[in-house]
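The values are calculated or read from the model by the stated rules, or taken from the named source; none is laboratory data. If you're wondering where the values come from, they're calculated on a predicted model, not measured in any experiment. Quick reminder, even Gly has a Cβ in these numbers, built from the backbone with ideal geometry, and neighbours come from all protein chains shown.
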Amino acid sequence: MGIRGRGQSHIAAFHELAKDNVEIAALCDIDQSVLEQRQTAYERTSGRKVAGYGDMRRVLDDKSIDAVAFATPNHWHAPGAVWACQAGKDVYVEKPGAHVFTEGLRIMEAAAKYKRIVQHGTQNRSSPNIAEGMRKLKEGVIGRVYMARGVAFKPRARVGPMKTAPTPPGLNWDAWIGPAPMVPYSPNRHDRPAGQSWHMFWDYGNAELGNQGVHELDMIRWGLGLDSHPTRIASMGGKFVHPDDAYDAPQMQTVMYEYAGRDLMFTFETRSGHSNTEAGKGAEFPFLDGRSTVGVIFIGTEGFMIFPDYSSYRTFLGPKRTPGPFKTGEGTITDLPHFENFVKAMRSRKPEDLASSPRELHYSSALAHFGNISLRTGRMLHFDERSNRFRGDAEANALLTKIYRAPYTIPEAV
């Protein structure tokens, strides 16, 4: 479901699993030209034709299909995942699995009610090297951890003012908009110049914090053993790089999270302009490549540990920052182990076999939602996990959910 960009990686991963008796049965996209291109390409790769659908509901009607994978824009993740659970399908859904806070609750409920296997697309949970680093972190390799910092410094192209245009032939714009308010077609929303566009509109995306950031937010939760929501959240930022850009979200953002009863500091920062590497130490601590700085830093009483990409970790110990245990990988997203884990859980029918369960989906996605809500309201927020509400803040509570455009809705009772 959704094969324009990230969906191509889904196709490649499931194709690799053909050796384990996994078969891609169908491809689905609301853009007919993209659908036909991917069908043709996959026929060349696999030597066989696959069905093509322009409406995900027709896929869900197909009783022969066991599972579906969503690489749609964020605002379609939860409706599609809940509908799929209701249709008796298992689900692989890209991050963030929820576009707003309440959607994470609905996905957990639907997975439990319909006994479905739902895997969240935070692939680091299945990276062997990342998992090894997390084990060492919890064993105390850097002592007691008192601070974690995540960064996503990724140059993004200028989008400019909004412009409308005729809807391209073969594109079902109504379906692309889906649960969001209807607006005229614009390439600024849909075409994602240099990885921007729809991610940066609140109606469809969750800013860089909910785009790249969910990977690192999830790693911080994992490393610190945070199995609850933060109690205080504060965020600031703005469109400081290209102030005339049409989208809603910030080009720079800083968030602080505090957890009751935990003696630690947890921060996250995004930048979309040209930037230094973290602390100016790019040569010593390489993050991804020379253009982006993306990673997580854990600081403890005996040293610090960095996760500079999707398959590596390094430790530096004591006052001289003496190199400690480390493991380096390719640096790229390790897709295949995460899809293998999904298939394993499908076959065992044990949700506990999942590397990234619906609960992890909800709690990691919520960190992005909370940061963005603090930014949008312009104040520190106080969250009460017992009620799943912010204390005394009607404006912030209204942003925990949204109004869905019919018929693309999620029922209150899934």
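Somewhere in region 96-107, is a residue of a type outside the set (Gly, Ala, Ser) and without any contact (Cβ under 8 Å) to a residue 24 or more places away in the chain? Show your work before the answer.
First pass over region 96-107, keeping only residues of a type outside the set (Gly, Ala, Ser): 96, 99-103, 105-107.
Now drop any that are not without any contact (Cβ under 8 Å) to a residue 24 or more places away in the chain, which leaves none.
No, region 96-107 contains no residue that is of a type outside the set (Gly, Ala, Ser) and without any contact (Cβ under 8 Å) to a residue 24 or more places away in the chain.
Within the span defined as region 205-221, one or more residues are under 18 Å from the mean Cα position of the chain (by Cα), on the phi > 0 side of the Ramachandran plot and either assigned to a helix (DSSP H, G or I) or modelled with pLDDT of 95 or more (or both).
Applying the set (1) surrounded by 19 or more Cβ atoms within 10 Å (Cβ to Cβ); (2) modelled with pLDDT under 95; (3) not basic (Lys, Arg) to residue 77 leaves exactly one unmet item: (2).
Name the residues in region 84-94 that are closer than 14 Å to residue 1 by Cα and touching a residue at least 60 places away in the same chain (Cβ under 8 Å), would you? So that I can check it myself, show each step before the final result.
Filtering region 84-94 down to residues closer than 14 Å to residue 1 by Cα leaves 84, 89-94.
Hits for region 84-94 are 90, 92, 93, 94.
Return the residues of region 145-189 that are touching a strand residue (DSSP E or B) at 6+ places or on another chain (Cβ under 7 Å), closer than 30 Å to residue 271 by Cβ and in a loop (DSSP other than H, G, I, E, B); say none if nothing qualifies. Answer for region 145-189, where residues must be touching a strand residue (DSSP E or B) at 6+ places or on another chain (Cβ under 7 Å), closer than 30 Å to residue 271 by Cβ and in a loop (DSSP other than H, G, I, E, B): just 154. Within the option set 32, 86, being farther than 22 Å from residue 347 by Cα, surrounded by fewer than 24 Cβ atoms within 10 Å (Cβ to Cβ) and not assigned by TED's automatic domain parsing to the domain that holds residue 406 holds for one residue only, 32.
Would you point out the residue of region 306-364, among those that are among the charged types (D, E, K, R) and closer than 30 Å to residue 231 by Cα, that is modelled with the lowest pLDDT? Among those that are among the charged types (D, E, K, R) and closer than 30 Å to residue 231 by Cα, it is 309.
You will find that of 181, 168, 187, the residue that is surrounded by fewer than 22 Cβ atoms within 10 Å (Cβ to Cβ), modelled with pLDDT of 95 or more and at negative phi is 181 and no other. If you check 45, 102 for being surrounded by fewer than 22 Cβ atoms within 10 Å (Cβ to Cβ), in contact with a helix residue (DSSP H, G or I) (Cβ under 7 Å, 6 or more places away or on another chain) and β-branched (Val, Ile, Thr), only one passes: 45.
Looking only at residues of region 291-346 that are of a type in the set (Gly, Ala, Ser) and part of a loop (DSSP other than H, G, I, E, B), we find that the one that is farthest from residue 18 (Cα to Cα) is 318. Take the conditions (1) in contact with a strand residue (DSSP E or B) (Cβ under 7 Å, 6 or more places away or on another chain); (2) surrounded by fewer than 16 Cβ atoms within 10 Å (Cβ to Cβ); (3) without any contact (Cβ under 8 Å) to a residue 60 or more places away in the chain; residue 380 misses just one of them, which is (3). (1) in a loop (DSSP other than H, G, I, E, B); (2) under 30 Å from residue 126 (Cβ atoms): which one isn't true of residue 403, the others all being true? Status for residue 403: all satisfied but (2). Figure legend. Inter-residue proximity from region 166-183: first residues more than 21 Å from residue 58 (Cβ to Cβ), second residues exposed (fewer than 15 other Cβ atoms within 10 Å of the Cβ) and of a type in the set (Gly, Ala, Ser), beta-carbon distance below 7 Å, spacing 6+ or different chains. No pairs are indicated.
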